[in-house]
Amino acid sequence: MTNGPETIEVAQRIKTGDSVLILSGKDRGKRGAVVRVLPRENKVVVEGVNIVTRHVKQRQGARQAGLIQQESPISLSKVMLIDPDTGRPGRTARRYLEDGSKVRVIKSGRRDQKEQ
């Protein structure tokens, strides 16, 4: 028996290196590249977005002490993939090609990239 709500993993529609648009929150309208994807938490870390200040105590082996600014994860529902061809944001879908391979497509119909 668990004490908290169970998390449901959503199909990974955003990948590391993708360019995304922030839809809501204090950074709404900003664009950035995805640095890391956390699929179990349904979150992503986007470069230059959702910056928080941490107070880090000086310890032996710590990289740096004091006030450190770093990016924190943001929910997948608050980001939208940007089409690399047009530069416009869009929803993603999966399509199968004639040879049986899957591709990720922006809803406008343009192909993004082949998946392995």
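For first residues located in the range 99-116 and closer than 15 Å to Thr86 by Cα and of a type in the set (Lys, Arg), partners that are surrounded by fewer than 12 Cβ atoms within 10 Å (Cβ to Cβ) and at pLDDT 50 or above and lie 6+ apart or on another chain with Cβ distances below 6 Å form the pairs Lys107/Arg91; Arg110/Asp85. Output the residues belonging to the range 51-82 that are touching a strand residue (DSSP E or B) at 6+ places or on another chain (Cβ under 7 Å), outside any loop (DSSP other than H, G, I, E, B), polar (S, T, N, Q) and under 18 Å from Arg36 (Cβ atoms). Those that are touching a strand residue (DSSP E or B) at 6+ places or on another chain (Cβ under 7 Å), outside any loop (DSSP other than H, G, I, E, B), polar (S, T, N, Q) and under 18 Å from Arg36 (Cβ atoms): Gln69, Gln70, Ser75.
Across the range 53-82, the qualifying residues are those that are under 21 Å from Ile22 (Cβ atoms) and in contact with a Ser or Thr (Cβ under 7 Å, 6 or more places away or on another chain), and the one among them that is surrounded by the most Cβ atoms within 10 Å (Cβ to Cβ) is Leu81. Of everything listed in (1) within 25 Å of Lys107 (Cα to Cα); (2) modelled with pLDDT of 90 or more, the single unmet condition for Val52 is (1).
The residues on offer are Asp85, Asp112, and the sole one that is in a strand (DSSP E or B), modelled with pLDDT under 85 and out of contact with any Ser or Thr (no Cβ under 7 Å at 6 or more places or on another chain) is Asp112.
The values are calculated or read from the model by the stated rules, or taken from the named source; none is laboratory data. Since the model is a prediction, treat every value here as computed from it, not as a measurement. Virtual Cβ from ideal backbone geometry, glycine too; neighbours counted across all protein chains shown.
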